[in-house]
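Asker: Here it is, the structure, as structure tokens.
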Amino acid sequence: MIDQGLLDAVKSYSENMTRPITFVLGSGEHSKRAELIDFLTKIAGTTDKINFDATATDDSLPSPISFKVVSHIDNALTDTGIVFSGIPGGHEFTSLILAILQAGGHTLKLDEGIQKLIKRFNKPLQFQTYVSLSCHSCPDVVQALNQFALLNDDISNEMIDGALFQEQVEANNIQGVPAVFLNGKPFANGKIDTAKLIEKLQEQFPDLLSEVDEDAEQLEQQDVTIIGAGPAGVAAAIYTARKGLKVTMVADRIGGQVKDTQDIENLISVPLTTGSELSANFEKHLHEYDITLKEHVSVKEISETEEENYRIHLNTGETFETRSIILATGAQWRKLGVPGEDENVGQGVAYCAHCDGPFFKGKDIAVVGGGNSGIEAALDLAGIVKHVTVLEFADDLKADQVLINKTKERSNIDIITSAATQEIKANDGKVTSLVYQDRNSSETKELDISAVFVQIGLVPNTEFVKGFVDLNRFGEIEIDERCRTDRKGIFACGDVTTVPFKQINIAMGEGSKAALSAFEYLVMQ
């Protein structure tokens with residue numbers, strides 16, 4: 001279950017702990033209980049800073065294979081609010097290690113403004129996060145909510161391995177992960193970052209965040225503020241910082257859409273990398289420069305100042321002034337916009353093949369979209385599900401020929417072109433079929449499937465600047481050859497703009513160009 005290499009890593013990481021922690025196990029019998037005890041015993045055996053006694057149990061924990069992390073603060077045992085139901089291996093092993101370190105006094109990886117915000121929450125918030133141990137997106141949610149719990153005694157988070165709690169999964173009609181419940185009710189589903197979690201809390205409980213910390217130290221005036229941390233934003237931040245400017249980067253996460261990409265084979269000079277590796281390299285490079293990084297934070301509004309500069313308003317309640325702005329907010333998955341889509345997200349409608357594919361093992365599913373994303377998703381899913389049907393609106397697939405050739409080698413992938421998706425049907429909270437129209441014959445047809453994976457491209461993240469800068473009919477920011485928008489001192493770059501061909505290489509170049517244009521603008525002021 002846990003090899004010596006991982007145990008050695010735990011031992012090494014524990015050196016950063018400033019106080020001990022204790023695992024407390026739930027009571028009762030379960031077929032996996034012995035395995036969990038062995039798992040926790042081995043981890044505790046790596047250091048005297050981690051304690052575990054399998055005979056000391058807590059009847060209040062939800063199951064015999066649940067355990068909580070307890071911190072030792074001022075010689076007293078303090079409940080952290082962090083609970084794991086199941087054996088957190090796979091991708092969730094990282095969530096456990098971070099929970100141990102952070103409960104043991106290691107610095108939280110959250111912006112100071114967010115930490116102050118979470119500490120002001122004034123109502124009990126009990127989160128349950130259902131995960132799959134093979135899900136790439138689940139740990140981000142678990143780790144964010146665990147940090148919330150560490151910051152506020154009124155917040156708790158329970159990670160639940162859906163594979164071991166099938167009755168709960170079926171009772172809650174969960175068909176996609178991560179699936180987050182708050183105080184017993186559905187709260188969020190699918191890939192969601194810290195900034196979006198806070199926004200959803202603000203929407204659901206407006207009074208939670210009504211108090212603004214008036215005494216909070218405000219960031220001094222910046223020369224350049226970059227909004228977004230994908231390839232374009234990172235390039236812009238590095239180029240402006242190298243010019244000696246005061247630079248702040250505001251982003252929900254470093255890497256943006258790249259972080260969700262598996263293999264990357266067209267980054268010039270790098271034959272093969274992954275989205276997670278490239279994102280980690282982005283972060284490492286950013287830390288080489290004097291850049292104020294406000295990660296997991298989002299911009300609510302941009303306003304003008306009397307000095308003809310701009311004021312940035314963050315979702316944490318913080319504001320600061322900046323002389324120029326580079327918009328690099330990228331894009332997000334585009335939706336079909338058909339009946340049955342929004343209603344069934346997490347119940348058979350999905351946007352991430354890697355996260356939700358395992359839920360449909362041995363079943364028939366559909367992928368809507370015949371570009372690179374759609375064909376890559378179909379190939380990934382073909383190794384899990386019984387059969388994949390790809391539906392493409394156009395008369396031909398838009399994917400690279402090498403990917404199309406691979407689909408022809410798979411006996412369980414069918415391609416339907418000239419197909420206009422009309423509706424997604426469901427019964428008892430589960431997707432049952434997809435209705436589409438044959439655009440050549442106008443005939444309406446119906447596919448019996450258990451899931452629909454939507455892969456039809458991206459939509460730019462420009463909601464917060466609508467009416468502030470010029471957008472085209474697709475919602476992209478209009479820019480000139482120097483990345484200038486229609487507003488003085490505001491530049492834009494990458495997938496959020498009108499620049500054609502949304503590619504990592506192009507975004508990096510555009511980010512560099514926007515930075516040089518911003519520097520030129522500031523010098524001329």
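Asker: Placing +1 at every Lys and Arg Cβ and -1 at every Asp and Glu Cβ, with all other atoms neutral, what dipole size does the chain have around its Cα centre, in debye to the nearest 20?
Answerer: Computed about the Cα centre, the dipole is about 680 debye.
Asker: Under a no-solvent Debye model with one identical scatterer per Cα of region 32-140, what's log10 I(q)/I(0) at q = 0.10 Å⁻¹?
Answerer: Cα-only, vacuum Debye calculation for region 32-140: -0.33.
Asker: Separate question: Filter the cross-link list Lys398/Lys425; Lys116/Lys335; Lys196/Lys246; Lys68/Lys363 down to pairs whose alpha-carbon distance in this structure exceeds 30 Å.
Answerer: Check vs 30 Å cut-off fails for Lys116/Lys335; Lys68/Lys363.
Asker: Taking the Kirkwood radius as the inverse of the mean 1/r across Cα pairs, report the Rg/Rh of the chain.
Answerer: 0.98
Asker: How much length would be gained if the chain were fully extended between Ile37 and Lys335, taking 0.36 nm per residue of separation minus their Cα-Cα distance, in nm to one decimal?
Answerer: Difference between extended and current length: 102.9 nm.
Asker: So which GluC sites (Glu not before Pro) in region 227-323 end up in coil per DSSP with only 11 or fewer other C-beta atoms within 10 Å?
Answerer: Glu265, Glu288, Glu306, Glu307, Glu308
Asker: Compute the FRET efficiency between Asn51 and Asn427 as 1/(1 + (r/R0)^6), taking r as their Cβ-Cβ distance and R0 = 41 Å, and round to the nearest 0.05.
Answerer: 0.25
Asker: While we're looking at this one, here's another question. For region 329-394, report the % of Cα-Cα distances exceeding 20 Å.
Answerer: Percent of Cα pairs beyond 20 Å in region 329-394: 26.
Asker: With a cap of 16 neighbouring Cβ atoms within 10 Å, and only residues DSSP puts in a loop, list the trypsin sites (Lys or Arg not before Pro) found in region 1-39.
Answerer: Passing sites in region 1-39 are Lys32.
Asker: Given a Förster distance of 45 Å, report the FRET efficiency between Asn122 and Glu308 from their Cβ-Cβ distance, rounded to the nearest 0.05.
Answerer: That pair, Asn122 with Glu308, gives E of 0.70.
Asker: While we're on this one: 5 Å is the cut-off here: which amide hydrogens, built 1.01 Å from N in the peptide plane, fall below it relative to Thr421, excluding neighbours closer than 5 in sequence?
Answerer: The list, which skips near neighbours in sequence, is Gln437.
Asker: Continuing with this model, one more query. 7 Å from Cα along Cα→Cβ at both Gln437 and Lys109: what's the point-to-point distance in nm?
Answerer: Simple spin-label model gives 4.8 nm for this pair.
Asker: Can I ask one more? Can you tell me the length gained on complete extension of the stretch Gln166 to Asp400, counting 0.36 nm per residue apart and subtracting the Cα distance?
Answerer: Roughly 80.3 nm would be gained on extension.
Asker: Sticking with this structure for a sec: Can you give me the distance in nm between label points at Gln4 and Arg242, each placed 7 Å from the Cα along the Cα-to-Cβ direction?
Answerer: 4.5
Asker: Filter the GluC sites (Glu not before Pro) in region 409-467 down to the DSSP loop ones having no more than 14 other Cβ atoms within 10 Å, then list what survives.
Answerer: Glu409, Glu443
Asker: Glu341's amide H: which non-local residues (gap 5+, or another chain) put their own amide H closer than 5 Å, with H modeled 1.01 Å from N in plane and none for Pro or chain starts?
Answerer: HN-HN under 5 Å from Glu341: Ile424.
Asker: Give, in nm to one decimal, the length gained when the segment between Glu288 and Asp414 is fully stretched (0.36 nm per residue of separation minus the Cα-Cα distance).
Answerer: The Glu288-Asp414 span can extend by a further 40.5 nm.
Asker: Just the number, please: percent antiparallel of the DSSP beta bridges in region 219-342, rounded to the nearest 5.
Answerer: Taking every DSSP beta bridge within region 219-342, about 45 percent pair in antiparallel fashion.
Asker: Using only the alpha carbons of region 77-212, what is the convex hull's orientation-averaged projected area in square nanometres?
Answerer: With every direction weighted equally, the projected area is 7.9 nm².
Asker: In nm, to one decimal, how far is the modelled label at Asp58 from the one at Asn75, with both set 7 Å along Cα→Cβ?
Answerer: My value for the distance between the label points is 2.3 nm.
Here, each number is a calculation from the coordinates, and none is a lab measurement. Given the structure is predicted, the values throughout are model-derived calculations rather than measurements. Methodologically, a virtual Cβ is constructed for each residue, glycine included, from the backbone with ideal geometry; neighbour enumeration extends over all protein chains shown.
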